[in-house]
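Peer 1: Pasting in a structure now, in structure tokens, and then I'll have a few things to ask.
The values are calculated or read from the model by the stated rules, or taken from the named source; none is laboratory data. These numbers were taken from a predicted model, which means no experiment stands behind them. Cβ: placed from backbone, ideal geometry, glycine included. Neighbour counts: every protein chain shown.
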Amino acid sequence: MQFLFAAKDGFTYNRTYILAEGLKELGHDVQYYKIPERQPKYGQVLRDLSLKADVVLVPPFRHRDLSFVRRYAQAPVVFDPLISRYLTKVVDYGHYWKAPQKWWIDFRDFRNCDLLLADTAAHLQYFEKTLRLPSSLPKAVVPVGVHLEEFPAHYPKKDDTLEVGFYGTFVPLQGVLSIIEAIALLKEEKDLNFTLLGTGHQYEEARQLAADRGLSLDIFKGWIPYDELAAQIAKFDLALGVFGESLKADLVVPNKLYHYAASGKAILTKDSPGLREVFEPGTDVLTAEANPQAIADKILYLRDHRDELSALGHKARQKMEASYSKAAIAQRLVDAVQKL
């Protein structure tokens, strides 16, 4: 099959990268059309390219490109939004004054395709209910997955200082402020070292909170390129996931959890319906309530029970190898497309 990815941007995002590489591994042809502008002359180019394709896929975050692609594409259009603008901007970020506009954009776009993708069943159920999607619209759950070769396993150490790490974009669903408060509760404890990678929405707020709690700002390492991420994760013994209290945090399984799991890391994160679609708490992931004391208590427990770290890491890696490789994820997309 030939898959044409079409949008103004978004081809290098992790989700798109995994799907495209997985499709190639399965022997499918993957082409890209980077739309210069949403103008008729470029629509004609898209039309001509799509005549050779079996499906045209609009990648994550490219809601604004969907109607343009839909107008000109001559093959079935798959929309992979990954996020709801209403859920992200209004519910997660609290921009309630944007509610009518963001809801309408989602209402319009999520039904303007031949196949709608979601990363978890919980997320899809939210789309269906909130946006009143018709039952006749084809839909499929395609998890995010991971490029296993780029995140080789480096299992936790069984002794020495426990390296506790986090990476992210500091958005509300990640609950980084709760992580900072947890670290503050542990600042007098021995054999613990913390590393926070990334920048983003709550980065400066997190740094100020850390300073207010008497923590060294050296724990913040800033943003690192993707091609250096695996090497940084490899240094962790315990990887911190998400602890946000927003609805979105309950519905998704972020990239970081797949990366941690592929890297053979013990993962500590909040429990949620989305998480349980991929992981089994107590077997391949450990969970804590999304509050600082609960997070701190679990970190101390794992510091003092190092054998459990290794067991969690091995189980997590095994699960990624069994079901969430790039080829396995791409096959789910192929299966959904073949039903159209």
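Peer 1: Of the residues 231, 261, 249, only one is more than 14 Å from the chain's Cα centre (by Cα) and aliphatic (A, V, I, L, M); which?
Peer 2: Being more than 14 Å from the chain's Cα centre (by Cα) and aliphatic (A, V, I, L, M) holds for just one of 231, 261, 249, which is 231.
Peer 1: Same structure, new question: Could you say which residue among 33, 96, 72 is aromatic (Phe, Trp, Tyr) and either surrounded by fewer than 15 Cβ atoms within 10 Å (Cβ to Cβ) or within 30 Å of residue 244 (Cα to Cα) (or both)?
Peer 2: Answer to the selection: 96.
Peer 1: Quick check on residue 94: is it at pLDDT below 95 and at positive phi?
Peer 2: It is true that residue 94 is at pLDDT below 95 and at positive phi.
Peer 1: So which strands (runs of 3 or more DSSP E) are wholly in the range 179-243 and hold at least 2 residues that are over 28 Å from residue 276 (Cβ atoms)?
Peer 2: 192-197, 220-222
Peer 1: Please enumerate the residues belonging to the range 17-69 that are part of a helix (DSSP H, G or I) and under 16 Å from residue 337 (Cα atoms).
Peer 2: 19, 20, 22, 23, 24, 50
Peer 1: Would you pick out the residues in the range 100-138 that are in a helix (DSSP H, G or I) and within 17 Å of residue 64 (Cα to Cα)?
Peer 2: Residues satisfying the conditions are 100, 101, 102, 103, 104, 105, 106, 107, 108, 109.
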